Amino acid sequence: MALKVEVYQKEKVRPSSPTPQTLRYHKLSLLDVLAGPFYTPLILFYDSGAGPRRHDYDELRESLSKTLSVLYPFAGRLKDGSIIECNDEGADFVRANVTNYDLGEFLRDPKLEDLRQLLPRDPYPGAIDPAMPMLAVQLTRFRCGGTAVAFCTWHGVVDAIGMAGLFNTWAAINRGERVATNPGGGLVVDAAAIFSPGNSTVFQAMSTAMAGLKKKLGKYASKRFIFSKQDIDRIKNQYSQSEHHRRPSRVEALSAFVWAAVIRATLVANPTLKTHLLSHYVNLRNKVDPPLPSQCLGNIIQGTESVWEVATGPVSTRSVVGRVVEAIDKVTKDYVREMHTEGGFLRSIIARRSKIIDYNKGETKTLNISSLCNIPFGEVDFGWGKLIWIGMGHTLNDIALFVDTKDGGVEAWIGLEHEVMYNLDKDIEFCAYVSFAHIVLESSCRLSSAL
């Protein structure tokens, strides 16, 4: 049965107090600009009656207004691609109802096309409109009284860690707790002073280099794979024994396990591929001097690159886990200083043009892994109790997203070309560690938002 979402109210929520003129312009950093011209779509689900307060949408609107006075860039608008004009234009605030499902029924088989209906905007706009908000929220009440709180946050303003800072600040204000009420609240930082955006000539060169990645993609399928805490421990113990590198974290071990399985599945579909890359994002907030606030706004992350060549021999988790660990360990305070303070990062992007050319020749394949594990989304409590699930609205093309489960496991959302996903499903070693799998998107499915 198709999900029926009825939007009944749309409005702009403006800050409860004006942003000072001295904070009128928020400059984006190099990493912000490179984050991409799209929204990050995330949906938090709350059961009815789980907390001490009822799901009051008017109350939530008022607390959002107060939050925008603190985290003022979210009420601004993008200007010239590199600046947020903090003009208090406000955030989108949408209210809707699901008329034919209880929340429990919906969560038994959530599909991406249904999750997208809960979003307030299309997360991937075709063109940048100066009137586009930096933040849009949709509150959708299910027939049983449960609520989906869906966010579209402009990626240039904030990464997933900063999103947790936004969510938890808003939730604390809605619960009536005292938070820093001064604009910025300790979470708005001048990251551009550290990660300099350079000049327009450099950006043009980078845009030319990166444009090659926007090749026509084939049909993709997306699935959720759940790995229990016990199975992740098994992966760490069985595959990561080596005297050449430290013991990997659970996310590093699972990243290597997934990457190795995807390489095997890809080579069955395309045995001519010579090189496989893994891009894994690392938080830089504690790697600058002095450290930045743990949940500050901005894209304070950087991708690492692990490489596996077909000529090396058969691929396994044990053969790639050391490469994952080594790539992440390279991102030290000294590395960040060299790459960003001294301009090495810009030079490295230009140097990667040859690899991008190889990618276009079909000789290289990249898997991007982004982990939301250990980010305190589970603490986002509007007074309604703890959330019961986090839904993703992302388009996953050669991407894996990791999210914590309540029991210490990991839920991996993986999007691969249809044939590669088919091969992954038949990989005996991979499937032996998966406790649950669920199709989120079939390759032929069309996506749209509720609006």
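All but one of (1) over 16 Å from Gly391 (Cα atoms); (2) hydrophobic (A, V, I, L, M, F, W, C); (3) not in a helix (DSSP H, G or I) hold for Leu139, so report the exception by its number.
All conditions pass for Leu139, except number (1).
Sort through Pro133, Pro125 and tell me the only one that's in contact (Cβ under 8 Å) with a residue 24 or more places away in the chain and surrounded by fewer than 16 Cβ atoms within 10 Å (Cβ to Cβ). Outline the logic, then answer.
On the way: Pro133 fails: surrounded by fewer than 16 Cβ atoms within 10 Å (Cβ to Cβ).
Testing whether each residue is in contact (Cβ under 8 Å) with a residue 24 or more places away in the chain and surrounded by fewer than 16 Cβ atoms within 10 Å (Cβ to Cβ) leaves just Pro125.
Just the residues that are over 28 Å from Ala50 (Cα atoms), more than 21 Å from the chain's Cα centre (by Cα) and not small (Gly, Ala, Ser), please, taken from segment 78-120. Before you say what the answer is, go through the steps one by one.
Here is the first cut: in segment 78-120, the ones over 28 Å from Ala50 (Cα atoms) are 78-90.
Within this subset, residues satisfying the condition of being more than 21 Å from the chain's Cα centre (by Cα) are 79-80, 83, 85-90.
Passing the criteria: Lys79, Asp80, Ile83, Glu85, Cys86, Asn87, Asp88, Glu89.
Based on this model, can you work out whether Ser17 counts as surrounded by fewer than 16 Cβ atoms within 10 Å (Cβ to Cβ) and either part of a strand (DSSP E or B) or not aromatic (Phe, Trp, Tyr) (or both)?
yes
Can you report the number of residues in segment 1-14 which are part of a loop (DSSP other than H, G, I, E, B) and farther than 24 Å from Val380 by Cα? Break it down into steps so the answer makes sense when it comes.
Filtering segment 1-14 down to residues part of a loop (DSSP other than H, G, I, E, B) leaves 1-4, 14.
Then keep just the ones that are farther than 24 Å from Val380 by Cα; that gives 1-4.
So the count comes out to 4.
All but one of (1) closer than 22 Å to Asp88 by Cα; (2) surrounded by fewer than 24 Cβ atoms within 10 Å (Cβ to Cβ); (3) touching a residue at least 40 places away in the same chain (Cβ under 8 Å) hold for Cys152; state the number of the condition that does not hold.
(2)
Conditions (1) surrounded by fewer than 23 Cβ atoms within 10 Å (Cβ to Cβ); (2) touching a residue at least 40 places away in the same chain (Cβ under 8 Å); (3) of a type outside the set (Val, Ile, Thr), marked per residue:
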{"position": "Val258", "(1), (2), (3)": "no, yes, no"}
{"position": "Arg264", "(1), (2), (3)": "yes, yes, yes"}
{"position": "Ala269", "(1), (2), (3)": "yes, yes, yes"}
{"position": "Ser279", "(1), (2), (3)": "yes, yes, yes"}
{"position": "Asn286", "(1), (2), (3)": "yes, no, yes"}
{"position": "Ser294", "(1), (2), (3)": "yes, yes, yes"}
{"position": "Ile300", "(1), (2), (3)": "no, yes, no"}
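Tally time: how many residues in segment 270-293 are in a strand (DSSP E or B) and not small (Gly, Ala, Ser)? Don't jump to the end; show me each part of the working.
Step one: list which residues in segment 270-293 are in a strand (DSSP E or B), which gives 275-283.
Imposing the further condition that a residue be not small (Gly, Ala, Ser) reduces the set to 275-278, 280-283.
Looking only at that region, the number is 8.
Okay, residues lined up against (1) assigned to a loop (DSSP other than H, G, I, E, B); (2) modelled with pLDDT of 85 or more; (3) more than 30 Å from Leu30 (Cβ to Cβ):
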| residue | (1), (2), (3) |
| --- | --- |
| Thr208 | no, no, no |
| Lys214 | yes, no, no |
| Leu217 | yes, no, no |
| Lys223 | no, yes, yes |
| Asp233 | no, yes, yes |
| Glu243 | yes, no, yes |
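Tell me which strands (runs of 3 or more DSSP E) are completely within segment 29-130 and hold 1 or more residues being assigned by TED's automatic domain parsing to the domain that holds Ala191 and among the β-branched types (Val, Ile, Thr), or say none if there are none. I'd like the intermediate steps shown before the answer.
Working: elements: 39-46, 77-79, 83-85, 91-98.
Once the strands (runs of 3 or more DSSP E) in segment 29-130 are filtered for at least 1 residues that are assigned by TED's automatic domain parsing to the domain that holds Ala191 and among the β-branched types (Val, Ile, Thr), what remains is 39-46, 83-85, 91-98.
Within segment 392-440, can you find the residues that are in a loop (DSSP other than H, G, I, E, B) and charged (D, E, K, R)? Break it down into steps so the answer makes sense when it comes.
Initial filter on segment 392-440 (in a loop (DSSP other than H, G, I, E, B)): 393-398, 405-409, 426-427, 432-435.
If the condition is that a residue be in a loop (DSSP other than H, G, I, E, B) and charged (D, E, K, R), then Asp398, Lys406, Asp407, Lys426, Asp427 are the ones that fit.
The values are calculated or read from the model by the stated rules, or taken from the named source; none is laboratory data. Keep in mind that what you see is a predicted model, and the values were worked out from it rather than measured. Every residue, glycine among them, receives a Cβ derived from its backbone with ideal geometry; neighbour counts consider all protein chains shown.
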